[in-house]
Amino acid sequence: MNLTQRDSIYLWHPLTQHKTAIAPLPIVKAKGALLWDENGKQYIDGISSWYTSMYGHCNEEITAAMTKQMQELDFVMFSGLTHKPAIELSEKLMKILPSNQAKIFFNDNGSTAVEAAIKMALQFHFNNGENRDTLIAFENGFHGDTFGAMSASGIASYNAPFEDFLLKVERIPVPTEHNLAEIVQTLNHILENNNCAAFLFEPLIQGAAGMKFHSVEGLDALIAKCQKHKVLCVADEIMTGFGKTGTNFACDQLTQQPDIMCLSKALTAGMFPLSITSCTQHIYNAFLSEEVHKGFFHAHTFSAHPLGCAAAIAGLELLNSPTIVAKREWISTSHNAFSEKIKEHSKVANVRSKGVILAIDLAIPMDRYGSLRDELYQFFVERGLLIRPLGNTLYLLPPFVITESDLEKCYVILEEALNTF
Ligand SMILES: *Cc1c(COP(=O)(O)O)cnc(C)c1O
């Protein structure tokens, strides 16, 4: 039996309707921006394995740091104990996070980072003697698959069976150049008629919604308005973090600063599940008390795993290294040139790019998980390009280390798709 046949016996895959799904690709090897399957066929990892492996798969500097860490200190609990990898990572992150961020709380994946952020916000108000029970979030946002994170998410194709069990959330559209006044009015109405605790958002780019961009000035205005009402602003940078949008964090492009940030995915360069919920000193202080229960009694077994911290530290060394910065800028310039080239194509409804993210909305109506979407996916797989169309949006988010010829190949295949479908 080959791997695909053996897989089908016991395995249940995420985000998969197994009755109709195409068999998963059996990947046996990865290097840089490339993957190989069991039959030796090569693929370009066009979305960096869900936006994680930005410095390339099996990056030698990162695997070396992890190997060294594994031989010195594998894992210890993070409650009552501490260790150098976590301390060093917190010091390095503080140098690049927005200046108001002061404390780092560790979790083990993106959803749990959001979960911790929501609990932190709710308990912040509770500790201050305020009853605030409502979250504000964008339409079509995605924040993860645990209950709090799912509540904040606004993509109904994932949430429908659980709607009755979710937290209280008021939803607003993302701000564009044209609708800001209207949204501010909606937000005012929400703030006046609810006890709002937190505003959660993916800053500037909504990933799962289809790499949808929104306005910097608009988001700034909404954050300012929320903060005026003492609503904590939570920037979910799990997708946007670590150089993908052109800056270290998408929030660096804002004037306002978030109260809480969620980091994961590229945090560990895709090498290890780890996440962070960071916050301001003001929030942290609300948990300090002679009363023990005012502390944040929230923990995940693998919080601050030393291996993940070692990977993250090695990743941060690379993020703003001259080689990676040059690659990031070159990808961004290439995306712009390709956008110019295809923007008048009859199948292109919209093309946009920011940093290393390129998204094309096809002028073809399509279900998020329909058969046409599957045909598109298969079209790319056959040509050795791994991307996951989101409805009728095609997007590239390649590792920073992708080679010139591989990036060119991505564009050629994308253009071929435009001429085929
Ligand atoms: C992926 C993602 C999450 C969830 O992270 P998991 O590690 O998959 O739980 C949350 N928010 C955003 C913006 C993401 O892209």
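Details
- Being away from the ligand (no atom under 16 Å from the Cβ), in a loop (DSSP other than H, G, I, E, B) and assigned by the TED database to the domain that holds residue 138 holds for only one residue in 227, 256, and it is 256.
- Test: residue 309 is surrounded by 19 or more Cβ atoms within 10 Å (Cβ to Cβ) and in the same structural domain as residue 76 (by the TED database): yes
- In this entry, residue 221 passes the filter for residues that are in a helix (DSSP H, G or I) and within 25 Å of residue 173 (Cβ to Cβ).
- Pairs are defined by a Cβ separation below 7 Å, a sequence spacing of at least 6 or placement on different chains, a first member in region 158-184 that is of a type in the set (Ser, Thr, Tyr), and a second member that is modelled with pLDDT of 95 or more; the pairs so defined are 176/214; 176/215; 176/218.
- In the set (1) away from the ligand (no atom under 16 Å from the Cβ); (2) closer than 18 Å to residue 311 by Cβ, the condition left unmet by residue 113 is number (1).
- Yes/no for residue 88 being of a type in the set (D, E, K, R), assigned to a loop (DSSP other than H, G, I, E, B) and out of contact with any Phe, Trp or Tyr (no Cβ under 8 Å at 6 or more places or on another chain): no
- Only residues that are touching a residue at least 12 places away in the same chain (Cβ under 8 Å) and at negative phi were counted across region 28-63, and they come to 24.
- Single residue of region 230-246 satisfying the filter (among the charged types (D, E, K, R) and near the ligand (Cβ under 10 Å from one of its atoms)) that is surrounded by the most Cβ atoms within 10 Å (Cβ to Cβ): 236
- Exactly one residue out of 296, 302 is away from the ligand (no atom under 16 Å from the Cβ), in a loop (DSSP other than H, G, I, E, B) and either in contact (Cβ under 8 Å) with a residue 60 or more places away in the chain or acidic (Asp, Glu) (or both), and it is 296.
- Being of a type in the set (D, E, K, R), in the same structural domain as residue 383 (by the TED database) and at pLDDT 95 or above holds for only one residue in 45, 74, and it is 45.
- Applying the condition of being of a type in the set (Lys, Arg) and in contact (Cβ under 8 Å) with a residue 40 or more places away in the chain to region 353-408 and asking which residue is surrounded by the fewest Cβ atoms within 10 Å (Cβ to Cβ) yields 388.
- Residue that is within 11 Å of the ligand (Cβ to nearest atom) and among the polar types (S, T, N, Q), where the choices are 157, 153: 153
- Subset of region 365-387 [in a helix (DSSP H, G or I) and not aromatic (Phe, Trp, Tyr)]: 371, 372, 373, 374, 375, 376, 378, 381, 382
- Just so you know, in region 124-148 the residues that are charged (D, E, K, R) and within 16 Å of the ligand (Cβ to nearest atom) include one that is modelled with the lowest pLDDT, and it is 145.
The values are calculated or read from the model by the stated rules, or taken from the named source; none is laboratory data. In this text, all values refer to a predicted model and were calculated from it rather than measured experimentally. Reconstructed Cβ throughout: ideal geometry from the backbone, glycine too, with neighbour counts over all protein chains shown.
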